[in-house]
């Protein structure tokens with residue numbers, strides 16, 4: 001009995017020490033400042049990225065279907081901003097012939113800035129492991145565009161899946177002589193695919209962005225935990241802005257932008273705190289064996 005109590009106390013003490021270690025590391029890395037930078041550049045990137053996605057992907061998918069898919073997933077990331085963005089995108093699409101090759105490359109550059117800043121933020125979080133390691137400049141330049149391509153490919157795949165589900169919804173599915181109604185399956189499929197995509201995207205950030213090698217298990221657990229925390233936080237934010245917040249009264253016409261910026265900063269904080277946890281876990285195996293471990297291993 002005494003051994004169980006002692007083990008429980010040791011576990012609580014080690015967990016408490018590890019949380020303090022993560023908090024100190026996050027503060028030392030200026031985590032809130034990094035999250036603010038990531039949020040700012042993400043907000044700067046999201047409009048040109050959405051425009052590029054629609055312009056390029058309308059060759060494969062009908063425009064309205066793309067806007068619907070994009071709006072649904074933007075609502076999962078930036079509550080309240082998804083209704084405004086399609087209007088901006090449609091206004092651009094009406095004048096897209098005016099934009100030349102220079103404008104196209106300009107939008108491509110601004111679309112990549114969020115990923116570049118996130119990579120730099122990750123390098124600060126993992127600084128203690130990367131003092132003597134640097135990523136090749138060309139590889140760092142390619143990574144953001146690789147993410148843009150993969151996200152575009154994901155939107156196309158999801159759109160095709162939704163179209164297939166909608167075509168099935170029109171008719172009944174007969175199973176063992178009974179009819180199964182599939183009404184509402186489109187919304188559920190969009191949400192579940194969005195959650196799966198969110199987990200994969202956040203896990204890939206932990207796996208690819210740091211210069212150091214991160215274990216796949218740690219990256220996947222971090223991606224799942226970050227997605228879970230964000231889904232809870234997103235619902236709290238939606239409720240807060242709808243019921244309590246006076247942001248519309250205070251900020252007026254720029255309230256939507258302020259809400260979007262705050263929402264992105266919250267998810268950036270969650271993402272970077274997760275990176276700090278992984279950095280502490282990844283640092284432990286390379287510490288000297290004589291140093292007492294204050295944390296725990298996953």
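Tell me whether region 257-269 contains one or more residues that are part of a helix (DSSP H, G or I), modelled with pLDDT under 90 and farther than 21 Å from residue 73 by Cβ. Scanning region 257-269 turns up at least one residue that is part of a helix (DSSP H, G or I), modelled with pLDDT under 90 and farther than 21 Å from residue 73 by Cβ.
In this structure, residue 247 does not qualify as surrounded by fewer than 20 Cβ atoms within 10 Å (Cβ to Cβ), under 13 Å from the mean Cα position of the chain (by Cα) and touching a residue at least 12 places away in the same chain (Cβ under 8 Å). Before we move on, is residue 42 at pLDDT below 80 and in contact with a helix residue (DSSP H, G or I) (Cβ under 6 Å, 6 or more places away or on another chain)? It is false that residue 42 is at pLDDT below 80 and in contact with a helix residue (DSSP H, G or I) (Cβ under 6 Å, 6 or more places away or on another chain).
Kindly evaluate residue 74 against the criterion of being under 18 Å from residue 151 (Cβ atoms), in a helix (DSSP H, G or I), at pLDDT 80 or above and under 21 Å from the mean Cα position of the chain (by Cα).
Working: under 18 Å from residue 151 (Cβ atoms): yes; in a helix (DSSP H, G or I): yes; at pLDDT 80 or above: no; under 21 Å from the mean Cα position of the chain (by Cα): yes.
Judged against the criteria, residue 74 is not a match.
The condition of being surrounded by fewer than 18 Cβ atoms within 10 Å (Cβ to Cβ) and under 20 Å from the mean Cα position of the chain (by Cα) holds for only one of 44, 66, that being 44.
Looking at (1) crowded, with 17+ Cβ neighbours inside 10 Å; (2) over 16 Å from residue 125 (Cα atoms); (3) without any contact (Cβ under 8 Å) to a residue 24 or more places away in the chain, which is the only condition residue 254 fails? Unmet condition: (1). Taking first residues from region 37-65 that are under 20 Å from residue 262 (Cβ atoms) and partners that are at pLDDT below 85 and assigned to a loop (DSSP other than H, G, I, E, B), the Cβ contacts under 8 Å between residues at least 6 apart in sequence or on separate chains come to 46/78. The residues of region 208-243 that are part of a helix (DSSP H, G or I) and farther than 19 Å from residue 198 by Cβ, listed by number, are 239, 240, 241, 242, 243.
The values are calculated or read from the model by the stated rules, or taken from the named source; none is laboratory data. Treat the numbers as computed from the prediction; the structure is a model and nothing was measured. All Cβ positions, glycine included, derive from the backbone under ideal geometry; neighbour counts span all protein chains shown.
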